[in-house]
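Trainee: Just dropping this structure here.
The values are calculated or read from the model by the stated rules, or taken from the named source; none is laboratory data. Small disclaimer: the values here were computed from a predicted structure and weren't measured. We place every Cβ from the backbone using ideal geometry, glycine too, and count neighbours over all the protein chains shown.
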């Protein structure tokens, strides 16, 4: 029996009736060779050979699908194919089978049309410079299908619906010449459409309708004038800056001015379809133009920055600032149809594409707080460069979030300013694929390539992109192929590396001249009217320039409404109280330990819930997971949204959290903290534990963006293991540690980084806490006044770094993040073995104390000598404390006090000084489990030095810990234990045998 390989099944009868609308995503190309040539074969072929010799890989999908349907119902396929399958199934050689069926011209024409839909974009005239000659794919040649010049005007029957009406005008017959002309207009003009890789038929049909049914994109006279005006604003902005600030870099849009009318048309279209808020992320290129002409940042503000104005907000906020083409802003504007839209451009550094996940997180947060379940009111728009979108892995990591629960934003519009060069590198040297946008194909979305010198085409595809996003809630790419008029910046010499390209660019007629002349020739407006438009625009820029001389930045230029009332670093804030009443502890506990009805729990989970109930009954033995849940629950009841994101956070990497329970029979889920509203009879904010994709860079960036939208929430990212956080180092370095100082953007994002030396080896011991401490901006030489030490230090710092030693202090640390009128990023080195170490557990009463403890003094003073007889005061942090306590007890040491520093930054000068004064005759020791060149030693050393100096006491601080190492930890458990014993002996003064 004739056999073809298994393929996805669909109705070929429908396919034939709908012609080109059929088999979306099958990528059917063309016959591998003419059937006629196969008649020379006089040897019967195997059925497998029949398929492979007859068609190429993509075409075979098309034929195999029809064959499967023919087997079920011979009448379900076109009679010519039915004849072929019948002949082949009876064992006829391929040539004879072909002769028996006599494939119709209409079927061959269908394959030709399909080839244009798949590969026609390769012949599109996309490059305004004409640097690369297009090579016609073989599949687009009619001769491949047996057509000759004599067939060009011969009528071809299409009455059976084999070719869709939008190509044939529903005529029963057409000619090959007519079809080719139409195909080239649609697929090989100034727009190239890639969509046949999409697996959804409805989506492919929609795109075909949008592009194939138009005679050509056309605009009314009033719309053309609007495009011209927008183009003029873009063009003259660059010219004005060049005139006024010739020596300054601006990373101008020159060569892609059509971006501005394209973006504005996209915003108009999206807003008309329900979008109320748009978040933009973009690199340097064209940023100032977008700020001025799309976001509509006031011109005086822009020119003030060029004039060297100090970036401060009404005396409230002061910072070092950043270069003007890194800054963001936020404004409301009215579209051309009179609808209001809020636009915000996210500030970002020179790290191209790093802003992508931050934009997505911010949009997701907007959707959450607006209860926008349809995700049609808030929109993410990402702008890219051609080299960066192809080369930066964060692009894929972010795209990968696009359809995930808890991370989807309902589709992003991506616009690539494709100036065909990356700094000094040509495209063929900076990517391995044909297009810079090929990463888009990994998530099954369309790409619209367009010639940047055809402004109407750019506007057209930008409008379609907005319509697509609103209809399908999927990403879409617009690739504007253009050029870069100047070098990498306006002071650079591009001919060092691209002499041919820049010879072409020097001769290029600017797009504004082309389009204005086009409209004059079309009698849409006169040359005099165009000159009037230019004069009005120039006068507006000149006025903005003059006003910029005396402009004072306003808070609204940077800060959005939800952040009103939050204190800047130079204002004194209030830390707030973090303790909760004991009756509330018990009420939340009941929600945490109660088994859900009609829900089959795993036996281990049942035991955990039973143990949890005992904690609350006995009011002691509270472990870390329970303390964390109490913090979450109390914040939720206060109306604070809580979001925890990261790999496996629902259960917890160390199987300790179990925030989401699973029915063992049905796999249904139950989240105890989501039941708070029912238990308390009042609304609670949403708890959102979110298992993420296996990404650090994108997911941490996403959560940072989420935290920027609303300060009244606890937003956390947990690393699966602390050492994995370095996969997101760009977000940490460029955004989290410096974002407030560079861009005046506060964030309360909390990073949970499992850390602790348990003999697990170098990969899963250290979160590299020393790197976070190195990023802290505290000055060890400046000791604040004692009465305001904690409050001022926290507000003047860029971020906080903690290593808590008790569940209760961890509880207070999390609540403190929300109960203050300012926000700082928080890094917590969270424990691993302490999660189940009972000696670290807390009592119920500790959750009702007022606040977080920056330092814990000696916990068992009754077990050691009186303070003046203590010869050693050991400072440490984190889990090594418990090793020290145990070793002190084992060796019956009485002259050593152990102090825990819970907050490393801002450094608690006042409390450390108190401890040193309390033990006047003791030498100070810093003990850590990390190697000497890692951990805390190099950070704390100068802080201790200043503290001693402030006390007029000779500096005396000794290190006890592992020796310096290139690797974070040893892999041998025996060596690990030996190193631990050594550091304990050094710290406690235990003599070695």
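Trainee: Within segment 609-623, is even one residue under 36 Å from the mean Cα position of the chain (by Cα), assigned to a helix (DSSP H, G or I) and either in contact (Cβ under 8 Å) with a residue 40 or more places away in the chain or surrounded by 14 or more Cβ atoms within 10 Å (Cβ to Cβ) (or both)?
Mentor: As a first pass, look at segment 609-623 and keep what is under 36 Å from the mean Cα position of the chain (by Cα): 623.
Still in the list and also assigned to a helix (DSSP H, G or I): none.
So far as segment 609-623 goes, no, none of its residues is under 36 Å from the mean Cα position of the chain (by Cα), assigned to a helix (DSSP H, G or I) and either in contact (Cβ under 8 Å) with a residue 40 or more places away in the chain or surrounded by 14 or more Cβ atoms within 10 Å (Cβ to Cβ) (or both).
Trainee: Oh, and also: Might you check whether a residue that is in contact with a helix residue (DSSP H, G or I) (Cβ under 9 Å, 6 or more places away or on another chain), without any contact (Cβ under 8 Å) to a residue 24 or more places away in the chain and farther than 29 Å from residue 719 by Cβ occurs anywhere in segment 668-678?
Mentor: Yes: one or more hits.
Trainee: Sticking with this structure for a sec: Of everything in segment 181-194, what is in contact (Cβ under 8 Å) with a residue 24 or more places away in the chain, surrounded by fewer than 19 Cβ atoms within 10 Å (Cβ to Cβ) and under 19 Å from residue 108 (Cβ atoms)? Give them in sequence order.
Mentor: 184
Trainee: If you check 697, 599, which single one turns out to be modelled with pLDDT of 95 or more, in contact with a strand residue (DSSP E or B) (Cβ under 8 Å, 6 or more places away or on another chain) and either on the phi > 0 side of the Ramachandran plot or not assigned by TED's automatic domain parsing to the domain that holds residue 367 (or both)? So that I can check it myself, show each step before the final result.
Mentor: On the way: 697 fails: in contact with a strand residue (DSSP E or B) (Cβ under 8 Å, 6 or more places away or on another chain).
From the options 697, 599, the qualifying one is 599.
Trainee: Moving to a separate point now. Report, by residue number, each residue of segment 491-519 that is closer than 19 Å to residue 236 by Cα and either part of a helix (DSSP H, G or I) or touching a strand residue (DSSP E or B) at 6+ places or on another chain (Cβ under 8 Å) (or both).
Mentor: Result: 505, 506, 511, 512, 513, 514, 515, 516, 517, 518, 519.
Trainee: Between 786, 816, 820, which is surrounded by fewer than 20 Cβ atoms within 10 Å (Cβ to Cβ) and in contact (Cβ under 8 Å) with a residue 24 or more places away in the chain?
Mentor: Working: 816 fails: surrounded by fewer than 20 Cβ atoms within 10 Å (Cβ to Cβ); 820 fails: surrounded by fewer than 20 Cβ atoms within 10 Å (Cβ to Cβ).
The unique qualifying residue is 786.
Trainee: Out of everything in segment 841-886 that is part of a strand (DSSP E or B) and more than 20 Å from residue 579 (Cα to Cα), what residue ends up being farthest from the chain's Cα centre (by Cα)? Break it down stepwise before answering.
Mentor: Kept after step one, since they are part of a strand (DSSP E or B), are these residues of segment 841-886: 842, 855-856, 872-876.
Narrowing further to those that are more than 20 Å from residue 579 (Cα to Cα): 872-876.
Details: 872: 50, 873: 47, 874: 44, 875: 40, 876: 37 Å.
Out of the qualifying residues, it is 872.
Trainee: Follow-up question, since we're still on this one. Among residues belonging to segment 209-228 that are outside any loop (DSSP other than H, G, I, E, B) and buried (at least 16 other Cβ atoms within 10 Å of the Cβ), point out the one that is modelled with the lowest pLDDT.
Mentor: 212
Trainee: For the structure I just gave you, tell me whether residue 349 is at pLDDT 80 or above, farther than 20 Å from residue 247 by Cα and buried (at least 23 other Cβ atoms within 10 Å of the Cβ). Can you show your working first?
Mentor: Values: at pLDDT 80 or above: yes; farther than 20 Å from residue 247 by Cα: yes; buried (at least 23 other Cβ atoms within 10 Å of the Cβ): no.
Criteria not met by residue 349.
Trainee: Among the residues of segment 436-451, which ones are within 16 Å of residue 415 (Cβ to Cβ) and either outside any helix (DSSP H, G or I) or not assigned by TED's automatic domain parsing to the domain that holds residue 394 (or both)?
Mentor: 436, 437, 445, 446, 447, 448, 449, 450, 451 - these are the residues of segment 436-451 that are within 16 Å of residue 415 (Cβ to Cβ) and either outside any helix (DSSP H, G or I) or not assigned by TED's automatic domain parsing to the domain that holds residue 394 (or both).
Trainee: So, residue 899, is that one closer than 19 Å to residue 854 by Cβ, assigned to a strand (DSSP E or B) and in contact with a strand residue (DSSP E or B) (Cβ under 7 Å, 6 or more places away or on another chain) or not? So that I can check it myself, show each step before the final result.
Mentor: Details: closer than 19 Å to residue 854 by Cβ: yes; assigned to a strand (DSSP E or B): yes; in contact with a strand residue (DSSP E or B) (Cβ under 7 Å, 6 or more places away or on another chain): yes.
Considered against the rule, which asks whether it is closer than 19 Å to residue 854 by Cβ, assigned to a strand (DSSP E or B) and in contact with a strand residue (DSSP E or B) (Cβ under 7 Å, 6 or more places away or on another chain), residue 899 comes out as yes.
Trainee: Looking for something over 30 Å from residue 328 (Cβ atoms), under 31 Å from the mean Cα position of the chain (by Cα) and surrounded by fewer than 21 Cβ atoms within 10 Å (Cβ to Cβ) - is there at least one such residue anywhere in segment 738-758? Give the derivation first.
Mentor: Looking only at segment 738-758, we keep the residues that are over 30 Å from residue 328 (Cβ atoms), and these are 754-758.
Checking the rest, the ones that are also under 31 Å from the mean Cα position of the chain (by Cα) come to 754-756.
Add one more test, that the residue is surrounded by fewer than 21 Cβ atoms within 10 Å (Cβ to Cβ), and what stays is none.
Within segment 738-758 (the criterion being over 30 Å from residue 328 (Cβ atoms), under 31 Å from the mean Cα position of the chain (by Cα) and surrounded by fewer than 21 Cβ atoms within 10 Å (Cβ to Cβ)), the answer is no, since none of the residues qualifies.
Trainee: For segment 210-228, which positions are touching a helix residue (DSSP H, G or I) at 6+ places or on another chain (Cβ under 7 Å) and farther than 17 Å from residue 337 by Cα?
Mentor: Listed by number, the residues that qualify are 210, 211, 212, 213, 216, 217, 228.
Trainee: Kindly check whether there is at least one residue in segment 277-290 that is more than 22 Å from residue 453 (Cβ to Cβ), touching a strand residue (DSSP E or B) at 6+ places or on another chain (Cβ under 8 Å) and surrounded by fewer than 24 Cβ atoms within 10 Å (Cβ to Cβ).
Mentor: The answer is yes, given that some residue of segment 277-290 is more than 22 Å from residue 453 (Cβ to Cβ), touching a strand residue (DSSP E or B) at 6+ places or on another chain (Cβ under 8 Å) and surrounded by fewer than 24 Cβ atoms within 10 Å (Cβ to Cβ).
Trainee: Out of 634, 655, which single residue is surrounded by 21 or more Cβ atoms within 10 Å (Cβ to Cβ) and either in contact with a helix residue (DSSP H, G or I) (Cβ under 9 Å, 6 or more places away or on another chain) or in a helix (DSSP H, G or I) (or both)? So that I can check it myself, show each step before the final result.
Mentor: On the way: 655 fails: surrounded by 21 or more Cβ atoms within 10 Å (Cβ to Cβ).
Residue meeting the stated conditions: 634.
Trainee: Filter segment 917-935 down to residues that are out of contact with any helix residue (DSSP H, G or I) (no Cβ under 7 Å at 6 or more places or on another chain) and surrounded by 21 or more Cβ atoms within 10 Å (Cβ to Cβ) and give me whichever is farthest from residue 722 (Cα to Cα). Even if it seems obvious, please write down each step before you answer.
Mentor: Step one: of segment 917-935, the residues out of contact with any helix residue (DSSP H, G or I) (no Cβ under 7 Å at 6 or more places or on another chain) are 917, 922-923, 930-933.
Okay, now just the ones that are also surrounded by 21 or more Cβ atoms within 10 Å (Cβ to Cβ), so 922, 930-931.
On the way: 922: 35, 930: 14, 931: 16 Å.
Once the filter is applied, the top-ranked residue is 922.
Trainee: Shifting gears a bit: Those residues that are touching a strand residue (DSSP E or B) at 6+ places or on another chain (Cβ under 7 Å) and either assigned to a strand (DSSP E or B) or crowded, with 22+ Cβ neighbours inside 10 Å (or both), I need them from segment 296-313; list them, please. Please lay out each step first, then the result.
Mentor: At the first step, the residues of segment 296-313 found to be touching a strand residue (DSSP E or B) at 6+ places or on another chain (Cβ under 7 Å) are 296-297, 312.
297, 312 - these are the residues of segment 296-313 that are touching a strand residue (DSSP E or B) at 6+ places or on another chain (Cβ under 7 Å) and either assigned to a strand (DSSP E or B) or crowded, with 22+ Cβ neighbours inside 10 Å (or both).
The rows are residues; the columns are (1) closer than 30 Å to residue 515 by Cα; (2) assigned by TED's automatic domain parsing to the domain that holds residue 122; (3) out of contact with any helix residue (DSSP H, G or I) (no Cβ under 8 Å at 6 or more places or on another chain); (4) not in a strand (DSSP E or B).
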residue	(1), (2), (3), (4)
365	no, no, no, yes
387	yes, no, no, yes
453	yes, no, no, yes
480	yes, no, no, no
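Trainee: Okay, moving on. Looking at (1) at pLDDT 95 or above; (2) assigned to a helix (DSSP H, G or I), which one does residue 547 not meet, given that it meets all the others?
Mentor: Every condition holds for residue 547 apart from (1).
Trainee: I need a count of the residues in segment 698-721 that are surrounded by fewer than 24 Cβ atoms within 10 Å (Cβ to Cβ) and either closer than 20 Å to residue 764 by Cα or under 14 Å from the mean Cα position of the chain (by Cα) (or both).
Mentor: The number of residues fulfilling the criteria is 2.
Let's see how each residue does on (1) within 28 Å of residue 351 (Cβ to Cβ); (2) without any contact (Cβ under 8 Å) to a residue 60 or more places away in the chain:
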residue: 232; (1), (2): no, no
residue: 238; (1), (2): yes, yes
residue: 245; (1), (2): yes, no
residue: 258; (1), (2): yes, no
residue: 270; (1), (2): yes, no
residue: 282; (1), (2): yes, no
residue: 291; (1), (2): yes, yes
